[in-house]
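In what follows, a structure is listed as structure tokens, so that the remarks can point back to it.
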């Protein structure tokens with residue numbers, strides 16, 4: 001490098017962040033080879049398994065003459081349309097955090113680095129963070145699409161280029177949306193408009209998703225009509241001004257050998273990427289700086305104007321008055337005052353962390369949407385085999401969701417005490433009771449939620465009452481085990497240096513917790529199905545009883561052992 | 001030099017800085033004192049360009065931080081109360097990084113970094129990852145990286161936090177030398193002894209306003225020869 005030529009800031013930032021990332025990866029591998037091996041195995045396993053499944057599914061679909069190619073093409077258009085939407089949302093969230101809540105951004109802005117350069121660097125970083133996981137998830141599908149149609153080798157070169165151009169657009173649009181959000185978030189008019197838009201969208205989507213009645217007679221005689229009606233709901237993905245339309249058209253036309261069509265859509269995509277890229281990299285920095293200053297200058301209580309019913313009182317009168325949560329805790333909780341204080345603190349911390357409750361709401365929303373849709377599904381189940389299979393798969397889906405919740409929210413509980421662990425460690429409460437309180441509380445909440453969900457989903461499937469009780473009880477036991485496993489392993493593998501729960505979960509302990517939870521669910525689900533009294537041919541009462549003994553014993557052991565180890569570890573933890 | 005004119009900074013209903021005007025010429029060691037939430041850090045953040053003033057302006061060496069931020073920052077060294085460092089880099093790599101962002105040539109950067117690192121006894125830590133360093137050592141790394149490019153204005157927010165007495169002394173000496181060499185030094189601290197010992201002028205902020213400003217002697221004579229502590233407490237007594 002010639003010392004006389006100043007190095008562009010962009011290259012300096014890229015260099016330092018590349019070094020940081022590479023060392024982080026090396027230290028993660030060196031820290032736990034088992035964790036790295038498991039992660040590598042999962043990545044490879046997912047890629048191969050997903051490719052095999054997608055390939056089989058696409059081959060099956062393409063075997064329908066006339067209909068197959070139409071369905072597959074629509075799937076490609078839908079895939080990229082939803083990918084665009086998800087990337088947009090993901091980019092808005094990540095850009096907001098990265099542009100306005102990131103310490104590196106503030107550090108760089110205190111140096112002689114132009115706002116434009118910082119903004120450009122941050123949207124590049126956010127774009128990668130927001131996109132890589134989605135691209136990893138869809139890659140097997142696109143590869144399977146190529147092999148299903150025997151695409152030539154250059155398909156696998158052209159497609160990544162199309163996708164790379166495509167992901168730039170949601171990254172830029174997401175960053176602009178994040179800037180707009182940062183500027184307007186605390187304005188009452190914006191908040192009212194946002195609430196109205198969400199309500200309108202919910203109404204629109206729920207009316208749009210209404211199921212259509214398809215009779216057996218229609219399926220027998222008017223298949224094309226039924227398919228046409230089905231596809232009409234997905235026509236939005238063919239809107240020609242959507243970037244997903246350009247990438248889908250380019251890819252599908254390349255497979256069909258219509259190279260000129262691909263070339264055309266490639267140029268459309270390239271021109272838009274260059275145009276928006278130019279605007280973002282040369283003109284948006286000043287808006288970013290204004291928005292950053294607005295965020296930094298914001299007083300607390302952006303939603304204060306919504307709390308119009310609250311009477312303003314002098315600080316002395318309000319500071320120590322009991323809040324509703326304290327009063328409810330006194331009524332509901334049977335533990336001692338210190339345990340109650342711990343639980344109330346955990347609930348408050350959870351409710352005041354938008355990331356935590358936001359993710360819980362998304363998971364819960366998905367589950368509720370799934371359960372509501374089950375009632376449409378159950379009408380089609382006529383054979384006992386399918387009813388049995390669906391009911392056990394339903395149990396599995398709810399249990400896997402529970403395992404995701406316990407790993408994501410319960411496992412990091414001890415670590416989240418972080419540098420504040422001395423407060424609990426020095427208090428008469430003690431670590432053992434702390435652990436038990438966290439375990440009992442999370443188990444109680446999980447049991448209430450999952451038992452209700454499983455009960456509701458079984459009712460939607462029109463399963464007899466005795467089986468509803470069976471499944472509800474089963475998931476109740478699983479809630480005990482999964483919570484004990486999460487609390488126990490969270491105490492065995494704490495990470496007191498990290499404040500971000502997502503990062504705590506992504507460590508070795510979190511991965512182990514998720515893997516063990518999934519293995520436990522798959523194992524116990526297979527055991528329960530194999531020893532069921534009525535499902536899949538039915539078994540004798542002795543086998544049924546034995547199945548329950550094994551299930552209860554296994555569940556108890558898998559929960560109790562890590563919990564006991566965790567308690568012992570916490571008793572000797574050096575704060 | 002630093003020129004602050006009628007600076008006001010509003011956070012929602014809270015006026016954190018209220019009509020603050022102050023000029024700190026080159027070669028002056030200025031210490032700003034004030035109770036918690038007096039508006040010191042907000043003032044410093046506006047000076048560093050991390051937020052725009054609600055009204056008023058800040059000029060660093062004649063460059064308005066709002067309209068010519070790059071020129072202003074190029075002449076400034078800023079260390080916040082909790083400095084950001086890249087935890088996987090070594091101090092040497094971090095110095096090289098910040099040096100390049102300031103457009104320093106390698107030989108000048110290396111010479112300056114080595115000189116300052118030696119004064120702060122960082123020799124044994126230069127090749128270790130920053131994440132493995134203690135809080136005080138990280139603070140020393142941040143200070144070296146900020147001073148490397150020979151700034152004309154130094155703005156430090158609570159720089160003594162985390163430093164042991166030996167390195168506090170080193171920092172005080174370096175800042176004194178900088179001031180004597182014509183650099184404007186602006187330091188926020190809660191340690192009244194630092195103000196008494198080091199400052200050419202002392203400013204006391206309270207509820208966003210600059211309630212007193214002058215040399216130690218001027219403050220004493222204007223307040224019946226009392227100690228700086230009693231002057232400070234009397235001017236900010238509703239927080240005591």
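The values are calculated or read from the model by the stated rules, or taken from the named source; none is laboratory data. Just so you know, these numbers come straight off a predicted model, no measurement behind them. Note: ideal-geometry Cβ built from the backbone for every residue, glycine included; neighbour counts use all protein chains shown.
Using the structure shown, decide if residue B:49 is closer than 27 Å to residue B:135 by Cα, within 11 Å of chain A (Cβ to nearest Cβ) and modelled with pLDDT under 95.
Yes.
Kindly indicate whether any position in segment A:1-8 is crowded, with 16+ Cβ neighbours inside 10 Å, touching a helix residue (DSSP H, G or I) at 6+ places or on another chain (Cβ under 8 Å) and not in a helix (DSSP H, G or I).
No, the conditions are met nowhere in segment A:1-8.
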Residues being touching a helix residue (DSSP H, G or I) at 6+ places or on another chain (Cβ under 6 Å) and either within 14 Å of chain B (Cβ to nearest Cβ) or more than 21 Å from residue B:66 (Cα to Cα) (or both) - total across segment A:281-291: 5
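The rows are residues; the columns are (1) in contact with a helix residue (DSSP H, G or I) (Cβ under 6 Å, 6 or more places away or on another chain); (2) at pLDDT 90 or above.
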residue	(1), (2)
A:414	yes, no
A:419	no, no
A:422	no, no
A:426	no, no
A:459	no, no
A:462	yes, no
A:481	yes, yes
Top-ranked residue of segment A:223-272 - restricted to ones that are over 25 Å from residue A:146 (Cα atoms) and surrounded by 15 or more Cβ atoms within 10 Å (Cβ to Cβ), ranked as farthest from the chain's Cα centre (by Cα): A:226
Hey, residue B:86 within 12 Å of chain A (Cβ to nearest Cβ), in contact (Cβ under 8 Å) with a residue 24 or more places away in the chain and closer than 29 Å to residue B:215 by Cα or not: no
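Looking only at segment A:483-519, count how many residues are outside any helix (DSSP H, G or I) and touching a helix residue (DSSP H, G or I) at 6+ places or on another chain (Cβ under 8 Å).
Residues that pass the stated criteria total 8.
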Per-region count, segment B:22-36, residues surrounded by fewer than 23 Cβ atoms within 10 Å (Cβ to Cβ), touching a residue at least 40 places away in the same chain (Cβ under 8 Å) and over 13 Å from the mean Cα position of the chain (by Cα): 6
Segment A:8-36 residues that are under 16 Å from residue A:119 (Cβ atoms) and at the interface with chain B (Cβ under 10 Å from one of its Cβ atoms), paired with ones that are part of a loop (DSSP other than H, G, I, E, B) and at pLDDT 85 or above (beta carbon under 7 Å, 6 or more apart): A:9/A:113
Out of B:150, B:145, sole residue that is within 21 Å of residue B:70 (Cβ to Cβ), in a helix (DSSP H, G or I) and more than 13 Å from the chain's Cα centre (by Cα): B:145
Lone qualifier among B:108, B:117 - being crowded, with 18+ Cβ neighbours inside 10 Å, more than 7 Å from chain A (Cβ to nearest Cβ) and in a helix (DSSP H, G or I): B:117
Subset of segment A:209-222 (residues that are surrounded by 10 or more Cβ atoms within 10 Å (Cβ to Cβ), part of a helix (DSSP H, G or I) and out of contact with any helix residue (DSSP H, G or I) (no Cβ under 6 Å at 6 or more places or on another chain)): A:219, A:221
Top-ranked residue of segment A:96-149 - restricted to ones that are away from chain B (no Cβ under 11 Å) and part of a loop (DSSP other than H, G, I, E, B), ranked as nearest to the chain's Cα centre (by Cα): A:101
